[in-house]
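What follows is one structure encoded as structure tokens, with my remarks underneath.
The values are calculated or read from the model by the stated rules, or taken from the named source; none is laboratory data. Computed from a predicted structure; not experimentally measured. All Cβ positions, glycine included, derive from the backbone under ideal geometry; neighbour counts span all protein chains shown.
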Amino acid sequence: MQDSNPVELEILPPHEILDTFENINVAAPMVRFSKLPFRELVSLYDVQVTHTPMILATEFSRSSTARTLDFSTSLTERGSFLLNERMRSSSSNSSDNDLLEGESDRPTGSRRRQRRIRGSLIAQFAASDPKPFADACELIYPYVDGVDLNCGCPQSWAFQEHIGSWLLGHPERVRDLVRAAKDRLGFSYPVSVKIRVDPDLQRTHQLVETALHAGVSHITVHGRTKNQKSSHPVSLSSIAFAVEVARGRVPVVANGDAWSLPEVETIRKTTGAQGVMSARGLLGNPALFSGYDETPPSAIKEFVRLSTDYGLMFPLFHRHIGFMLESRFNKLERLYWNTLPSYASVLDYLTEQGIDLDL
Ligand SMILES: Cc1cc2nc3c(=O)[nH]c(=O)nc-3n(C[C@H](O)[C@H](O)[C@H](O)COP(=O)(O)O)c2cc1C
């Protein structure tokens, strides 16, 4: 669970969190769904890095209305976490005081410590032209810990606009976009890319190499190709291939089919990635990284509080709770659920189901 003691809270960029600590969990960008209340909810259940939904850079840079509609944040959304450093060599500079209790039992040559870290928020953009991308990054950068370039959206309208998965076949454009953001915000500003794997892994190799040369700070790899449906099993070996290409240079986040904590552990071990990202798994169970098999009532209660505090529009609120209850519905219950027309009717339904909302 999230650690609420604010003492000695360190603020690190996302790639450093991924690089430095064990078991980093990531909430995926999801159009419509990864908005502020949902991001804050998952930060209460062991998600250290969250993403906004994909934002169209051109619209965002041009229109203040788009900015208001597409992005909101709060001081509390990221949460704080007590994290274990990865094992590292005893030749590093840490003092013996940093060692964990029981550390002396560890094999010699390895040491690690715990640190309290603020979670990270990444804004994801869809872009094709470097200038609007750099403009959008400049506008959002005071409010987030990094920006991510979407190189995976497979929808045909996106392909026609030369955004999303179109970029997979145009590494030179990825390079230009990443460099434009870095030229504007400074080389150390975190800019990541989220890619899909290619059936020809040499093309994945080339894309990763190009992104690395452009200066990306980390890479998320969705282990499906752009033509594979979300029902297609994810290729962990393709993700592991990308991890190998990037090894020692930037951390990698593995994405695809993380539905439960045991699956998360398998993905971590099989791919060697520094982080694991979930999208649909978290929608159905926002507490999955904390080891829950299904959404605990406490998460539903928190989501009701966050949604009412932040004013989440009813259709989205209803959809989210529907996802969270999905595994418990029978056919009739789902039909009835779909007829509920208002916040009040949802709250009544939850109370009738025995979920204590403490309103
Ligand atoms: C509702 C929904 C919205 C999504 N929106 C985005 C998005 O905005 N940007 C993006 O890069 N991927 C988006 N994706 C893809 C996910 O981030 C993720 O790559 C994909 O669902 C595979 O992960 P999963 O198997 O854990 O669901 C979306 C997926 C879903 C289900």
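Evaluate the following for Leu332: is it farther than 20 Å from Gly152 by Cβ, among the aliphatic types (A, V, I, L, M) and surrounded by fewer than 22 Cβ atoms within 10 Å (Cβ to Cβ)?
Answer is yes for this residue.
In the stretch 48-75, the residues that are in a helix (DSSP H, G or I) never reach a residue that is among the polar types (S, T, N, Q) and more than 16 Å from the ligand (Cβ to nearest atom) with C-beta atoms less than 6 angstrom apart, at least six apart or across chains. Might you let me know whether the stretch 22-45 holds any residue that is at pLDDT 95 or above, assigned to a helix (DSSP H, G or I) and over 30 Å from Ser298 (Cα atoms)? No: zero hits. Within the stretch 111-139, being over 19 Å from Ser43 (Cβ atoms) and β-branched (Val, Ile, Thr) holds for no residue. Does at least one position in the stretch 304-319 carry a residue that is closer than 14 Å to Val42 by Cβ, buried (at least 16 other Cβ atoms within 10 Å of the Cβ) and touching a residue at least 40 places away in the same chain (Cβ under 8 Å)? Scanning the stretch 304-319, I find at least one residue that is closer than 14 Å to Val42 by Cβ, buried (at least 16 other Cβ atoms within 10 Å of the Cβ) and touching a residue at least 40 places away in the same chain (Cβ under 8 Å), so the answer is yes. When each of Arg173, Arg224 is tested for being among the charged types (D, E, K, R), surrounded by 16 or more Cβ atoms within 10 Å (Cβ to Cβ) and within 16 Å of the ligand (Cβ to nearest atom), the lone residue that passes is Arg224. If you go through the stretch 176-196 and keep only what is in contact with a helix residue (DSSP H, G or I) (Cβ under 8 Å, 6 or more places away or on another chain) and either modelled with pLDDT under 95 or crowded, with 20+ Cβ neighbours inside 10 Å (or both), you end up with Leu177, Val178, Ala180, Ala181, Lys182, Pro190, Val191, Ser192, Val193, Ile195, Arg196. In a residue-by-residue description of the stretch 151-172, the property of being within 17 Å of the chain's Cα centre (by Cα), assigned by TED's automatic domain parsing to the domain that holds Ser74 and among the aliphatic types (A, V, I, L, M) applies to no position. Exactly one residue among Pro199, Pro233 is more than 11 Å from the ligand (Cβ to nearest atom), assigned by TED's automatic domain parsing to the domain that holds Asp145 and surrounded by fewer than 24 Cβ atoms within 10 Å (Cβ to Cβ), and that residue is Pro199. For Glu265, indicate whether it is more than 16 Å from the ligand (Cβ to nearest atom), without any contact (Cβ under 8 Å) to a residue 40 or more places away in the chain and charged (D, E, K, R). In short, no. For the stretch 231-350, which fully contained helices (runs of 4 or more DSSP H) count at least 2 residues that are farther than 30 Å from Glu22 by Cβ? So the answer is 297-310, 314-325, 331-339. Checked against the criteria, Gly284 does not count as free of Cβ contacts under 8 Å to residues at least 60 places away in the same chain, outside the structural domain of Val264 (by TED's automatic domain parsing), among the small types (Gly, Ala, Ser) and surrounded by 15 or more Cβ atoms within 10 Å (Cβ to Cβ).
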